[in-house]
Amino acid sequence: MSTDKVRYIRKAVIENPTWKKFIVESNLPEKLLPLREVARNLWWVWSIEARELFQQIDKEIWEECEHNPIMLLEKVSFKRLKELENDEAFIGQMEDTYRLLKNYLAEREQKEGPEIAYFSMEYGLHDSLKIFSGGLGILAGDYLKEASDSKVNIVGVGLLYRYGYFKQMLNLHGEQMATYNAQHFSGIPVQPAFDAQGNWVVVEVEFPGRVIKSRVWEVYVGAVKLYLLDTDFEENQEFDKSITHHLYGGDNENRLKQEMILGLGGIRALRKLGYDSDIFHCNEGHAAFIVLERVAELIKHNNLTFAEAKEAITASTLFTTHTPVPAGHDSFHVDMFKNYMESFSQKLNISWDEFVQFGKAYAHEDHFNMSYLASHFSQGINGVSKLHGDVSKTILKDLYSGFLEEELEIGYVTNGVHYGTWIAKEWKNIHQKYFGERFPDNQLDADVWEKIYKVPEEDIWALRQQLRERLIGYIKQRFSTNWIKRHEDPKLVTEVIGKLNPNALTIGFARRFATYKRAHLLFNNLERLSKILNNEERPVQFLFAGKAHPADKAGQDLIKHIVDISKRPEFRGKILFVQNYDMNLAKMLLQGVDVWLNTPTRPLEASGTSGEKGVMNGTLHFSVLDGWWVEGYKKDAGWALPLERAYDVQAYQDELDAETIYNIMEDEIIEAFYDRDQDGIPEKWVGFIKNTFAKVAPNFTTARMIRDYQERYYAPQFERVNRIKQDGYKMARELAAWKYWIASKWDEIEVKDIQILDGITNVLKIGKDYPAKVVVDLKGLSASEVGLEMVITKNGNGSEPKLVEKMEFRVEETNGSLCTYALDLHHNYSGTYNYGIRLFPKNENLPHRQEFKYIKWI
């Protein structure tokens with residue numbers, strides 16, 4: 001063989017082909033172009049007509065792409081699209097759906113009320129947009145959907161995560177495996193956000209030694225726009241691209257970076273997009289940097305001092321906390337925090353020491369707390385249920401030295417759920433038929449829900465049976481697919497699927513697997529549990545689902561424990577853990593199970609909304625009286641564990657609660673479910689369902705929730721912020737100057753004389769007046785600027801005194817700087833009480849006492 005031939009052969013072997021990329025986009029026929037517009041607006045998530053339209057295109061692909069219409073249109077064959085183009089019935093259905101969307105948007109072109117800028121770390125809108133992990137995100141997503149339905153003038157801001165939260169897989173041993181799948185932004189309902197000049201909006205945030213750029217994306221949520229920021233593009237260094245890769249991923253430093261992008265970058269994005277919102281709603285402390293950026297803006301552009309700008313920003317900010325434990329509030333070590341934020345204090349014209357105190361309750365603390373920052377700059381602060389409002393007062397009380405917990409201006413708005421998203425189509429049909437065609441537009445009218453009592457028992461029971469059967473069919477399919485993928489024993493798979501019973505009482509437990517949720521309670525007495533589940537005449541089955549945080553070993557161990565128990569012979573097909581809890585699985589469970597079980601350690605459930613979704617579907621709730629269920633529980637409309645705590649030792653309390661759960665299940669729940677009339681209908685159970693709809697469900701919708709925010713916070717804060725802005729922020733300047741004046745004199749105030757209960761014992765007679773006088777040297781302050789009050793308390797169960805009553809003294813006489821305060825002391829109830837006297841600043845332009853935290857007890 002010649003040398004040339006050898007070289008030729010070697011060359012052919014050594015060289016690899018050079019591949020070049022080309023992209024084939026879906027080419028929708030012109031007649032089908034409305035499909036793309038509908039797919040790009042998440043209105044389709046709660047439109048039955050839109051979802052059915054997409055399902056018609058190709059049911060198999062629709063399921064394969066997890067109900068993502070954008071991916072559906074990408075994957076469906078061109079041949080199928082041409083078929084649909086010539087399908088008159090489909091074209092008519094598409095045009096009707098498109099018309100529904102257009103009419104919906106047209107009705108909402110004119111928004112009502114002040115413009116709200118809503119900031120949240122996560123939004124749960126649909127599984128196809130993976131920017132949420134759990135309850136906080138689902139709540140924020142529901143809130144934007146309801147804002148659209150209710151014509152509220154709102155814009156949302158968040159982050160666009162490349163990988164989102166993790167996908168849960170369980171291995172053969174029941175161990176949780178976390179996997180992260182990158183989102184391809186072309187296949188999800190996001191598109192570039194452009195400014196007025198047609199430029200893709202990019203914002204910059206200063207980091208140590210560099211500037212981080214964030215692209216801004218736009219999401220249509222009905223008539224509401226949501227803007228999302230991401231750093232994963234070529235203008236950032238490689239390690240900065242990953243800032244927005246994972247929701248709640250990375251270390252604490254990356255969390256700080258994310259929150260800087262969200263708060264500082266989010267405000268800058270809104271400005272570039274032309275927004276000048278009236279109220280800024282900070283959904284959790286993650287977004288608290290929004291207050292600093294806006295203060296800096298006012299200082300720079302309106303020639304205000306820091307104190308003056310703080311007055312204006314505080315008036316226009318609302319902070320909602322969702323966290324019931326101190327450890328759940330984000331905080332950063334001051335050394336790391338200083339590295340990133342020290343230069344920002346210069347923008348505020350204050351020292352670093354002054355700046356860092358806004359994230360502390362006490363000077364010696366070594367962490368900067370984001371909830372403290374939000375609280376310092378928010379006129380409105382609220383928890384997410386009545387009980388959680390009280391818990392939040394305890395958590396934040398250190399910020400308000402001198403005040404009692406009960407008098408803190410920390411309110412609540414109990415969370416709700418979006419009717420359109422979570423309610424089964426079949427229930428919507430029932431409601432339309434009996435509640436009237438205006439429903440759900442009139443869902444705030446509680447009387448409308450009472451019409452559920454007109455629905456025949458047999459119709460309700462038939463519907464509940466249908467939903468349970470559909471759930472069990474879905475679980476069998478999902479379960480078998482997952483178990484086969486992880487190579488489970490085929491005999492075990494077949495046995496479990498065969499034992500799942502579409503007619504058995506089905507109880508659901510699905511939520512984040514944190515230990516305080518106490519999923520283990522049910523397994524406290526396995527022998528007793530086995531007897532309950534294996535009663536052939538009255539069978540019961542449990543469905544579990546939920547993710548544990550990748551760093552939560554205890555939560556992951558609990559999942560493994562449940563999986564292990566579910567494989568025991570006596571529990572096969574009776575207890576099942578379904579992996580990868582997502583919104584679609586949540587819908588199926590909440591609509592299909594008969595009872596929704598919730599067993600948190602009280603009061604660690606801030607609100608909880610999964611049970612609210614259940615009651616909207618006729619699923620009865622069984623829970624600890626915690627979170628929303630404290631307000632929601634009604635007799636004969638669900639079940640509750642006793643409110644009182646019997647033991648201080650948690651293990652003993654858990655044992656008692658477990659026994660109580662078994663007793664209620666055996667004596668009440670199972671009894672009511674299987675007590676059937678001659679037609680096979682459990683009349684008592686159906687009565688519970690009707691009571692749930694009539695007495696519980698109306699109070700836990702996002703329609704009610706958003707109305708509460710409007711009435712309790714948005715409207716009054718909007719009225720006050722308008723007054724503050726008038727005449728070049730005149731009121732802000734005057735308030736800042738007044739506060740400075742009061743602060744300069746406060747420590748000089750001197751009490752000259754106190755005459756309270758003089759000449760008598762400390763025993764008072766009910767109904768009798770006792771004169772009290774206090775003489776104070778105000779040191780140049782006027783009597784109208786300083787109030788005096790008596791605070792009556794009673795010893796509570798703990799060490800903290802409980803507020804009984806406050807009685808303000810009247811100004812009886814002034815003589816130079818001396819002021820005599822007088823009070824006719826009386827009390828209407830017998831008992832032993834404590835009293836104290838305190839001075840406080842007074843100004844009609846203060847929204848409440850805690851807005852100016854000066855108190856002098858005497």
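The values are calculated or read from the model by the stated rules, or taken from the named source; none is laboratory data. Remember, predicted model here, so these are calculated numbers, not experimental data. Here the Cβ is made from the backbone with ideal geometry for all residues, glycine too, and neighbour counts use every protein chain on show. For accessibility, only protein heavy atoms count, side chains too; no ligands or nucleic acids. Shrake-Rupley method; radii C 1.70, N 1.55, O 1.52, S 1.80 Å.
Pairs linking a residue in the stretch 501-516 that is without any contact (Cβ under 8 Å) to a residue 40 or more places away in the chain to a residue that is assigned to a helix (DSSP H, G or I) and of a type in the set (D, E, K, R), with Cβ atoms under 7 Å and 6 or more positions apart or on different chains, are Pro502/Arg468; Pro502/Glu469.
Mind counting the residues in the stretch 173-197 that are over 18 Å from Arg162 (Cα atoms) and either open to solvent by less than 50 Å² (accessible area, probe 1.4 Å) or among the acidic types (Asp, Glu) (or both)? Spell out how you get there, then give the answer.
Filtering the stretch 173-197 for residues over 18 Å from Arg162 (Cα atoms) gives 173-177, 194-197.
Those still in the list that are either open to solvent by less than 50 Å² (accessible area, probe 1.4 Å) or among the acidic types (Asp, Glu) (or both) too: 174-176, 195.
Residues flagged as over 18 Å from Arg162 (Cα atoms) and either open to solvent by less than 50 Å² (accessible area, probe 1.4 Å) or among the acidic types (Asp, Glu) (or both) within the stretch 173-197 amount to 4.
Among the residues of the stretch 525-547, the ones that are small (Gly, Ala, Ser) and either modelled with pLDDT under 95 or within 20 Å of Asn580 (Cα to Cα) (or both) come to 2 in all. Considering only residues of the stretch 463-490 that are without any contact (Cβ under 8 Å) to a residue 60 or more places away in the chain, surrounded by 13 or more Cβ atoms within 10 Å (Cβ to Cβ) and not charged (D, E, K, R), which is nearest to Leu170 (Cα to Cα)? Only one residue tops the list, namely Trp483. Restricting attention to the stretch 604-663 and to residues that are hydrophobic (A, V, I, L, M, F, W, C), crowded, with 24+ Cβ neighbours inside 10 Å and in contact with a Pro (Cβ under 8 Å, 6 or more places away or on another chain), the residue that is nearest to Val384 (Cα to Cα) turns out to be Ala606. Within the stretch 301-317, does at least one residue satisfy the condition of being within 23 Å of Thr414 (Cβ to Cβ) and buried (at least 22 other Cβ atoms within 10 Å of the Cβ)? There is at least one residue in the stretch 301-317 that is within 23 Å of Thr414 (Cβ to Cβ) and buried (at least 22 other Cβ atoms within 10 Å of the Cβ).
Conditions (1) of a type in the set (Val, Ile, Thr); (2) more than 22 Å from Glu253 (Cα to Cα); (3) touching a strand residue (DSSP E or B) at 6+ places or on another chain (Cβ under 7 Å), marked per residue:
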{"residue": "Trp352", "(1), (2), (3)": "no, no, no"}
{"residue": "Val356", "(1), (2), (3)": "yes, no, yes"}
{"residue": "Ala363", "(1), (2), (3)": "no, yes, no"}
{"residue": "Asp366", "(1), (2), (3)": "no, no, yes"}
{"residue": "Met370", "(1), (2), (3)": "no, no, yes"}
{"residue": "Leu373", "(1), (2), (3)": "no, no, no"}
{"residue": "Ser378", "(1), (2), (3)": "no, yes, yes"}
{"residue": "Ser385", "(1), (2), (3)": "no, yes, yes"}
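Starting from residues that are of a type in the set (Asp, Glu) and either surrounded by 16 or more Cβ atoms within 10 Å (Cβ to Cβ) or over 18 Å from Ser128 (Cβ atoms) (or both), keep the ones in the stretch 47-73 and report whichever is farthest from the chain's Cα centre (by Cα). Spell out the reasoning first.
Filtering the stretch 47-73 down to residues of a type in the set (Asp, Glu) leaves 49, 52, 58, 60, 63-64, 66.
Now restrict to residues that are either surrounded by 16 or more Cβ atoms within 10 Å (Cβ to Cβ) or over 18 Å from Ser128 (Cβ atoms) (or both): 49, 58.
Working: Glu49: 28, Asp58: 34 Å.
Restricting to residues being of a type in the set (Asp, Glu) and either surrounded by 16 or more Cβ atoms within 10 Å (Cβ to Cβ) or over 18 Å from Ser128 (Cβ atoms) (or both), the top hit is Asp58.
Scanning the stretch 639-657 for residues that are under 13 Å from Pro600 (Cβ atoms) and modelled with pLDDT of 85 or more yields a count of 5.
What residue, among those in the stretch 530-576 that are small (Gly, Ala, Ser) and within 30 Å of Tyr165 (Cα to Cα), is most open to solvent (accessible area, probe 1.4 Å)?
Of all residues in the stretch 530-576, those small (Gly, Ala, Ser) come to 530, 545-546, 548, 551, 554-555, 566, 573.
With within 30 Å of Tyr165 (Cα to Cα) added as a condition, the list becomes 545-546, 548, 551, 554-555, 566, 573.
Numbers: Ala545: 0, Gly546: 0, Ala548: 0, Ala551: 85, Ala554: 50, Gly555: 0, Ser566: 8, Gly573: 1 Å².
Filtering the stretch 530-576 for residues that are small (Gly, Ala, Ser) and within 30 Å of Tyr165 (Cα to Cα), the one most open to solvent (accessible area, probe 1.4 Å) comes out as Ala551.
In the stretch 428-436 there is at least one residue matching the filter, namely being assigned to a helix (DSSP H, G or I), among the hydroxyl-bearing types (Ser, Thr, Tyr), modelled with pLDDT of 95 or more and open to solvent by 10 Å² or more (accessible area, probe 1.4 Å). Considering the stretch 491-527, the residues that are surrounded by fewer than 15 Cβ atoms within 10 Å (Cβ to Cβ) and charged (D, E, K, R) include one that is farthest from Arg468 (Cα to Cα), namely Glu527.
On the given criteria, is Leu387 more than 21 Å from Thr619 (Cα to Cα) and open to solvent by less than 20 Å² (accessible area, probe 1.4 Å)?
In short, no.
The stretch 540-651 holds strands (runs of 3 or more DSSP E) entirely within its bounds, and those carrying 3 or more residues that are more than 25 Å from Lys684 (Cα to Cα) map to 575-578. Looking only at residues of the stretch 406-427 that are over 18 Å from the mean Cα position of the chain (by Cα) and over 21 Å from Leu373 (Cβ atoms), we find that the one that is most open to solvent (accessible area, probe 1.4 Å) is Lys425. The numbered conditions (1) in a loop (DSSP other than H, G, I, E, B); (2) among the charged types (D, E, K, R); (3) buried (at least 16 other Cβ atoms within 10 Å of the Cβ) are all true for Lys773 except (1). Within the stretch 606-637, the set of residues being in contact with a helix residue (DSSP H, G or I) (Cβ under 8 Å, 6 or more places away or on another chain) and over 21 Å from Phe673 (Cα atoms) comprises Ala606, Ser607, Gly608, Thr609, Ser610, Asp626, Gly627, Trp628, Trp629, Val630, Glu631, Gly632.
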